[in-house]
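Engineer: Below is one structure. I have some questions about it.
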Protein chains: 2
Amino acid sequence: MEKSDALTALAALSQPMRLDAIRLLIKAGPTGLLAGDLAKALEARANTLSANLAVLLNAKLVRNTREGRGIRYRADMDRMAALMAYLMEDCCGGHPDLCRPAIADISAC
Amino acid sequence: MEKSDALTALAALSQPMRLDAIRLLIKAGPTGLLAGDLAKALEARANTLSANLAVLLNAKLVRNTREGRGIRYRADMDRMAALMAYLMEDCCGGHPDLCRPAIADISAC
DNA sequence: TGATCTTTTCGATATTTCTTGAAATATGGA
DNA sequence: TCCATATTTCAAGAAATATCGAAAAGATCA
């Protein structure tokens, strides 16, 4: 992951509604959630949530697919894992091998 | 970690100079870096860097100690690990046990 | 086709954040 | 004490971001 991608992802996550949204999507797992259900769960207006989901989409932290009238959102777990790997890169005082395996395991969730 | 702590940490990380700074500090390990050396490495003005380090301090992602005329900064690896754990909490579709061990390992770096 | 439901887009305003120059504070040495 | 070095604090202006109401776009069903 490149620096600009990490910055975009971190900025996307650093907003209350978006942080709640992605955690709900992560919790929901591969099934994901419809935008409308997410709006209900978050007690958010449809247009505000839509704007925030667009930010998460732009950061590639979520993906969406149309499903009848609704649109289903899913968290991109690989991207989340890549972000965390970027943050911890070169940790352990120049001995990254001590950290990498642990980080790799997260992407297997 | 609570939601407000995670938001503060993510906002702190989502800025170019601060992201570079914490990664350098993580790379530097327990020794950390003097503010002045960090400023040179980042080619940043002292006051701008100081403002950004204050944001990282407020987020508790770094700590500082005076050392003669200089001030030494160190990354708080426990806090970084806690942030990542918060992000991945309840992942794996309600079976967090699959993820927790991997995340716990990161804090051992 | 027309009615309805779901979601997004647009335009405006309010708030927050970033950077900078100037000044202040703290430490160590002559 | 006086001076130089290192870092922070303050105030202000520019830029980015969040939210809202209104309206538009896409999809389904009678």
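The values are calculated or read from the model by the stated rules, or taken from the named source; none is laboratory data. These numbers come from a predicted model, not from an experiment. Using ideal geometry, Cβ is built from the backbone for each residue, glycine included, and neighbour counts are taken over all protein chains shown.
Engineer: As an exercise: evaluate B:N64 against (1) out of contact with any helix residue (DSSP H, G or I) (no Cβ under 6 Å at 6 or more places or on another chain); (2) within 14 Å of chain A (Cβ to nearest Cβ); (3) at pLDDT 95 or above and give the number of the one condition it does not meet.
Structural biologist: Just one mismatch for B:N64, condition (2).
Engineer: Now a separate question. Say we look at region A:59-70 and pick out the residues that are free of Cβ contacts under 8 Å to residues at least 40 places away in the same chain and assigned to a loop (DSSP other than H, G, I, E, B); which of these is farthest from DNA strand C (Cβ to nearest atom)?
Structural biologist: Among those that are free of Cβ contacts under 8 Å to residues at least 40 places away in the same chain and assigned to a loop (DSSP other than H, G, I, E, B), it is A:G68.
Engineer: Scan region B:3-31 and report the pairs whose first residue is over 16 Å from A:Y86 (Cα atoms) and polar (S, T, N, Q) and whose second residue is modelled with pLDDT of 95 or more and buried (at least 20 other Cβ atoms within 10 Å of the Cβ), with Cβ atoms within less than 7 Å and a gap of 6+ or a chain change.
Structural biologist: B:T8/B:A59
Engineer: Out of the helices (runs of 4 or more DSSP H) lying entirely within region B:7-58, which hold 2 or more residues that are at the interface with chain A (Cβ under 9 Å from one of its Cβ atoms)?
Structural biologist: Working: elements: B:16-28, B:35-42, B:46-58.
So the answer is B:16-28.
Residue-by-condition table, conditions (1) basic (K, R); (2) surrounded by 19 or more Cβ atoms within 10 Å (Cβ to Cβ):
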{"position": "B:D37", "(1), (2)": "no, no"}
{"position": "B:K60", "(1), (2)": "yes, no"}
{"position": "B:Y73", "(1), (2)": "no, yes"}
{"position": "B:M80", "(1), (2)": "no, yes"}
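Engineer: So B:Y73 clears everything in (1) within 14 Å of chain A (Cβ to nearest Cβ); (2) touching a residue at least 24 places away in the same chain (Cβ under 8 Å); (3) more than 13 Å from DNA strand C (Cβ to nearest atom) except one condition, right? Which one?
Structural biologist: (1)
Engineer: In region A:41-56, how many residues are out of contact with any helix residue (DSSP H, G or I) (no Cβ under 8 Å at 6 or more places or on another chain) and near DNA strand C (Cβ under 8 Å from one of its atoms)?
Structural biologist: To start, the set of residues in region A:41-56 that are out of contact with any helix residue (DSSP H, G or I) (no Cβ under 8 Å at 6 or more places or on another chain) comprises A:43, A:47, A:51, A:54.
In the following step, the residues that additionally are near DNA strand C (Cβ under 8 Å from one of its atoms) were identified as A:47, A:51, A:54.
Within region A:41-56, residues that are out of contact with any helix residue (DSSP H, G or I) (no Cβ under 8 Å at 6 or more places or on another chain) and near DNA strand C (Cβ under 8 Å from one of its atoms) number 3.
Engineer: Still on this structure, please answer the following. Can you tell me which residue in region A:44-80 is farthest from A:R18 (Cα to Cα), limited to those that are more than 10 Å from DNA strand D (Cβ to nearest atom) and among the charged types (D, E, K, R)? Break it down stepwise before answering.
Structural biologist: Pass one, region A:44-80, residues more than 10 Å from DNA strand D (Cβ to nearest atom): A:53, A:56-65, A:72-80.
Subset that is among the charged types (D, E, K, R): A:60, A:63, A:72, A:74, A:76, A:78-79.
On the way: A:K60: 13, A:R63: 14, A:R72: 16, A:R74: 13, A:D76: 14, A:D78: 18, A:R79: 16 Å.
By that ranking, first place goes to A:D78.
Engineer: Tell me which residues, restricted to region A:14-43, are of a type in the set (G, A, S), away from DNA strand D (no atom under 12 Å from the Cβ) and under 19 Å from B:K3 (Cα atoms). Give the steps one after another, and end with the answer.
Structural biologist: If we filter region A:14-43 for residues that are of a type in the set (G, A, S), which is where we start, we get A:14, A:21, A:28-29, A:32, A:35-36, A:39, A:41.
Next, only the ones that are away from DNA strand D (no atom under 12 Å from the Cβ) stay: A:28-29, A:32, A:41.
Within region A:14-43, A:A28, A:A41 meet the criteria.
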